[in-house]
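This report concerns only the one structure given below.
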Amino acid sequence: MKPDTFKGKIIPVTTILLALIAIWYAAAVLMNAPFQRDMDSRAGVAPTTMEFIGKTLAQPKPILPAPHQVAQNVYENTFLRSLSSNRSLVYHSWVTLSSTLLGFGFGMLLGILLAVLIVHNRAMDRSLMPWLVASQTIPILAIAPMIVIISYNVLTGDNAIAHLLNLDSDASRLVSKALISTYLSFFPVAVGMVKGLRSPEIMHLDLMRTYYASPTQTFWKLRVPASIPFLFTSMKVAIAASLVGAIVGELPTGAVAGIGSKLLAGSYYSQTIDIWAALVAGSLLAGILVAIVGIAAKIVDRAMGGRPA
């Protein structure tokens with residue numbers, strides 16, 4: 001590892017992480033102290049300061065679990081559970097990941113299609129782009145139940161779409177959740193692609209005209225290669241948004257599996273440690289997905305002749 005990389009990246013990130021953990025521990029003690037003080041008063045015990053702090057960090061249902069409690073829960077439910085167990089975070093993450101990837105795929109196709117229409121049609125640019133921006137101002141929690149319920153009934157009802165697709169109940173539920181991911185992921189892809197397709201300089205466009213290139217040739221040989229870096233940048237945002245959409249989509253469906261279902265179950269039974277463990281699992285899953293997109297971006301960049309900085 002280069003010294004500059006260690007000093008410039010590892011040390012600052014580690015310092016901030018340690019500071020956040022210290023703040024987390026302090027907040028856990030402060031927020032759990034009133035309940036622990038009441039419990040000690042009822043039991044008629046007078047613990048020392050260190051004993052009291054230790055008790056606040058070891059409550060079975062704390063208001064704010066300590067980092068080590070969350071880490072222990074994540075470890076147990078990741079490595080010590082069967083992959084088919086209802087308590088396995090790997091199992092729940094896989095269920096959420098399936099709808100995330102499906103919704104991300106739909107969002108990619110929709111975003112790219114809208115971007116191409118906007119760039120090549122002035123009327124679409126003036127009429128469609130404002131509506132795309134306005135669509136993102138609607139709270140996702142407000143429309144998620146409507147989208148899930150309507151789409152599920154359309155996919156499983158007695159209509160032409162249901163007969164054409166012929167999906168079973170589980171597949172219909174998966175597509176319904178994926179539509180929420182699509183709603184959140186298509187917008188960054190559309191905006192990034194519009195920026196990318198318009199990124200070629202005027203002199204490059206003039207050069208293509210000098211070569212008598214057709215609009216189709218200009219699109220594939222100039223605009224599309226120029227848009228690839230913008231596309232992958234927007235994909236990093238879109239894949240994270242797609243995961244959020246998948247989790248939100250699980251909330252109104254009463255799902256029995258998925259990170260969203262873990263959050264619901266934890267809130268129903270006041271299992272705050274399980275809630276935080278599910279949040280950590282979702283964060284790790286988002287980080288892995290973004291990292292995969294970043295690796296794909298580097299591979300494509302080198303395949304197109306780019307050089308590492």
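The values are calculated or read from the model by the stated rules, or taken from the named source; none is laboratory data. These figures come from a predicted structure and were not determined experimentally. Glycine also receives a Cβ, built like all others from the backbone with ideal geometry; neighbour counts cover every protein chain displayed. The area values use the complete protein model at the heavy-atom level, side chains included, leaving out ligands, DNA and RNA. Shrake-Rupley method; radii C 1.70, N 1.55, O 1.52, S 1.80 Å.
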Leu279 accessible area, 1.4 Å probe, all protein chains in place, Å² to nearest 10: 80 Å²
Crossing angle, helix 169-197 versus the chain [Cα axis fit, 0-90 degrees, rounded to tens]: 60 degrees
Within region 127-157, backbone nitrogen closer than 16 Å to the virtual label 7 Å beyond the Cα of Lys195 toward Cβ: 133
Heavy-atom accessible area order for Arg198, Arg42, largest first, 1.4 Å probe: Arg42, Arg198
Net charge over other residues, Cβ less than 15 angstrom from the Cβ of Phe35 (K, R count +1; D, E count -1): +2
Probe 1.4 Å - accessible area at His92, Å² to nearest ten: 0 Å²
Computed FRET value (nearest 0.05) for Ala22 with Tyr268, which takes r as the C-beta separation and R₀ as 30 Å: 0.40
Fraction of accessible area attributable to carbon and sulfur, region 6-64 (%, probe 1.4 Å): 75 percent
Rounded accessible area of Asp40 (nearest 10 Å², 1.4 Å probe): 10 Å²
Solvent-accessible surface ranking, highest first, for Tyr268, Tyr25, Tyr183 at 1.4 angstrom: Tyr268, Tyr25, Tyr183
Taking the chain and dividing mean pair separation by its residue count, relative contact order in percent (alpha carbons under 8 Å, at least six apart): 22 percent
Vicinal HN-Hα couplings computed from phi for region 91-108 (Karplus, 6.51 cos²θ - 1.76 cosθ + 1.60; Hz; Gly/Pro x): 4, 5, 5, 5, 4, 5, 5, 4, 6, 5, 5, 5, x, 5, x, 4, x, 4
In degrees, nearest ten, helix 272-303 long axis to first principal axis of the chain (Cα): 30 degrees
Point-charge dipole on Cβ atoms (K/R +1, D/E -1) for region 6-64, about Cα centre, debye to 20: 260 debye
Potential lengthening between Ala46 and Leu128 on full extension [0.36 nm per residue; Cα-Cα distance subtracted]: 22.8 nm
Distance violations [Cα-Cα > 25 Å] among Lys195/Lys236; Lys9/Lys55; Lys195/Lys221; Lys61/Lys177; Lys177/Lys262; Lys9/Lys236: Lys9/Lys55; Lys61/Lys177
Residue-count net charge about Arg81 - beta-carbon cut-off 13 Å; Lys, Arg +1, Asp, Glu -1: 0
Whole-Å semi-axes of region 6-64's equivalent ellipsoid (Cα gyration tensor): 33, 10, 7
Degrees separating the helix 11-43 axis from the principal Cα axis of the chain, which is the longest one: 40 degrees
Per-pair calculated FRET efficiency, R0 = 41 Å: Met146 and Ser214 via Cβ, rounded to 0.05: 0.40
Cα coordinate range in the chain, projected on the principal axes (Å, largest first): 90, 64, 36
